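The values are calculated or read from the model by the stated rules, or taken from the named source; none is laboratory data. It should be emphasised that the depicted structure is a prediction, and the values quoted were computed from it without experimental measurement. Here Cβ is always computed from backbone atoms with ideal geometry, including for glycine, and neighbour counts include all displayed protein chains.
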Amino acid sequence: MKRLAISTLTICGIDELALHSKARVTNVLSLLDPGWPELEVLGSYGAPHRLMLRFHDIIEPLPDRVAPEAEHVNRIIAFADELDASTPPNAERHLLVHCHMGLSRSTAAMLLLLARLDPAASEPELFARLRQIRPQAWPNSRMISLGDNLLGRRGRLVEALRDHYGHQVRAEPNYIRWMMQLKRGAELEMAR
């Protein structure tokens, strides 16, 4: 696998942000619900380069909810390009990607960032790397599908996501209950 321009990669939820305030974070990707208040804790990070996107953690359009769309995923991909272009060789950079729980939107975004920054990496390699960063990762399937298309992966990210979901359910059977409570049964049906 390619050595990435970013030396440290972190995924977390809102409740974990304070734990990383002294970790020299240089870049932040925030994925929040529309209407969620600005996160004051990020003020303790200094002035990292930050992109904030607002949409709900849903996998199909719902009334009064903002679903992840191609525009959001395009901005995540553009953020990866900015990171790559602005990082000098051997620079110490720390990218932190967060959503509310550090489980779905943020892990999908990190996977898409990894895929963009290392286009030669196989899809199973990308998911293995994601699990190293955030073992409990359950990437938002809508974001992965949109990213698969935009990155020209021809369905391979979605196929690898099926294997990833299967891995996660075998490792932690409680995902079945959790995803059903979140009305994400379609993702459970994808698992193999």
Note to self: Show the residue pairs meeting these rules: Cβ distance below 6 Å; 6+ apart or different chains; first residue within region 56-82 and modelled with pLDDT under 95; second residue of a type in the set (S, T, N, Q) and surrounded by fewer than 21 Cβ atoms within 10 Å (Cβ to Cβ).
What the structure shows: none
Check: Can you spot a residue in region 86-104 that is at pLDDT 95 or above, assigned to a helix (DSSP H, G or I) and of a type in the set (Ser, Thr, Tyr)?
Finding: no
Checklist line | Candidates Arg65, Arg75, filtered to the one that is in a helix (DSSP H, G or I) and among the basic types (Lys, Arg) | finding: Arg75
Note to self: Quick check on region 84-132: of everything there that is among the charged types (D, E, K, R) and surrounded by 20 or more Cβ atoms within 10 Å (Cβ to Cβ), which residue is farthest from Leu31 (Cα to Cα)?
What the structure shows: Glu123
Note to self: Tell me whether region 147-159 contains one or more residues that are closer than 21 Å to Leu83 by Cβ, surrounded by fewer than 16 Cβ atoms within 10 Å (Cβ to Cβ), over 15 Å from the mean Cα position of the chain (by Cα) and without any contact (Cβ under 8 Å) to a residue 12 or more places away in the chain.
What the structure shows: yes
Note to self: I'd like the full set of residues that are in a loop (DSSP other than H, G, I, E, B) and not aromatic (Phe, Trp, Tyr), limited to region 133-167.
What the structure shows: Arg134, Pro135, Gln136, Ala137, Pro139, Asn140, Leu151, Gly152, Arg153, Arg154, Gly155
Next item on the list: Scan region 168-192 residue by residue and report those that are in a helix (DSSP H, G or I) and surrounded by 15 or more Cβ atoms within 10 Å (Cβ to Cβ).
Entry: Gln168, Val169, Tyr175, Met179, Glu187, Leu188, Met190
Item checked: Failed item, numbered, when Thr26 is tested on (1) among the β-branched types (Val, Ile, Thr); (2) in contact with a strand residue (DSSP E or B) (Cβ under 6 Å, 6 or more places away or on another chain); (3) closer than 25 Å to Leu161 by Cα -> (3)
Next item on the list: Within region 34-55, identify whether any single residue is closer than 25 Å to Glu125 by Cβ and charged (D, E, K, R), and answer yes or no.
Entry: no
